[in-house]
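Note sheet for the following structure.
The values are calculated or read from the model by the stated rules, or taken from the named source; none is laboratory data. Bear in mind the structure is a predicted one, so any value in this text is a computation, not a measurement. Positions of Cβ are generated from backbone atoms using ideal geometry, with glycine treated the same way; all protein chains shown enter the neighbour counts. These accessible areas exclude ligands, DNA and RNA; they are computed on the full protein's heavy atoms, side chains included. Shrake-Rupley method; radii C 1.70, N 1.55, O 1.52, S 1.80 Å.
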Amino acid sequence: MLRLGLTGGIGAGKSEVSRLLSSYGAVLIDSDRIAREVVEPGTPGLAAVVAEFGPGVLAPDGALDRPKLGGIVFADPEQLRALNAIVHPLVRARSAELEAAAGPDAVVVHDVPLLTENGLAPLYDLVLVVDAAPETQLDRLVRLRGMTEDEVRARMAAQATREQRLAVADVVIDNNGPLEELEPQVRKVWAELSERMAGGTGSAAADPGTAGSDG
């Protein structure tokens with residue numbers, strides 16, 4: 001098994017990279033998706049969130065009101081830490097279950113937005129960072145997701161800096177350009193990962209590498 005940690009700042013294009021890797025044959029373990037699952041209605045995770053932040057974070061249907069909760073935690077580092085203390089252990093436990101089911105010959109991609117922030121790089125055989133300049137992130141999120149500039153800057157301020165992410169990277173994918181420039185880079189990375197697995201190197205230490213021109 002080869003365990004790849006995938007990360008990148010909001011708006012950097014990490015989701016598209018994870019989608020491509022999955023389409024090539026990687027087993028994708030998406031921390032964001034799991035984080036949503038562990039706080040679905042009726043779960044102990046949601047009960048813990050309500051106990052911490054109050055019933056005002058619930059939508060009328062009893063589900064978590066994510067925009068409201070996000071407005072609370074991304075404006076207050078202490079509140080964000082409190083939320084992470086609830087959700088992260090649940091996500092780690094579920095991720096471990098999914099990885100164990102992947103099998104020994106799998107390339108397992110852990111899509112972890114807060115990999116850098118939580119010091120998780122040593123847990124993986126390789127760390128792949130999807131890199132984009134802050135101005136690129138801002139433009140995408142305002143133009144494509146309809147977020148306000150203030151909302152974007154608050155989210156970015158709650159994440160690691162670009163420099164901090166690049167410091168833990170074994171492989172960097174430059175996603176400052178248009179989408180058509182991304183796929184060849186990801187395909188190259190996948191070919192290298194597949195070659196490592198075919199050669200039986202598995203989870204051995206890897207040579208640092210860069211896809212694209214940035215980083």
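By a 1.4 Å probe calculation restricted to protein chains, ARG153 has an accessible surface near 130 Å², given to the nearest 10.
By how many nm would the segment from GLU99 to ARG36 grow when fully extended, if each residue of separation counts as 0.36 nm and the alpha-carbon distance is taken off? Before the final figure, lay out the partial values.
On the way: separation 63, 0.36 × 63 = 22.68 nm, distance 1.81 nm.
Result: 20.9 nm gained on full extension.
Ranked from largest to smallest solvent-accessible area, with a 1.4 Å probe on the protein heavy atoms, PHE53, PHE74 come out as PHE74, PHE53. Divide by every residue of the chain the summed helix terms, -39500 (n - 2.57) for each DSSP H run of at least 4, and state the resulting mean residue ellipticity at 222 nm, rounded to the nearest 500 deg cm²/dmol. Counting only the DSSP helices, I get -15000 deg cm²/dmol. ILE34 contributes an accessible area of around 10 Å² to the protein surface, as traced by a 1.4 Å probe with all chains present. A simple spin-label model places pseudo-atoms 7 Å from Cα toward Cβ; at LEU144 and ALA59 they are separated by 2.3 nm. Taking every Cα-Cα distance in the chain and sorting them into 5 Å bins starting at zero, the pair-distance distribution P(r) comes out as 1, 7, 14, 18, 19, 16, 12, 8, 4, 1, 0 percent.
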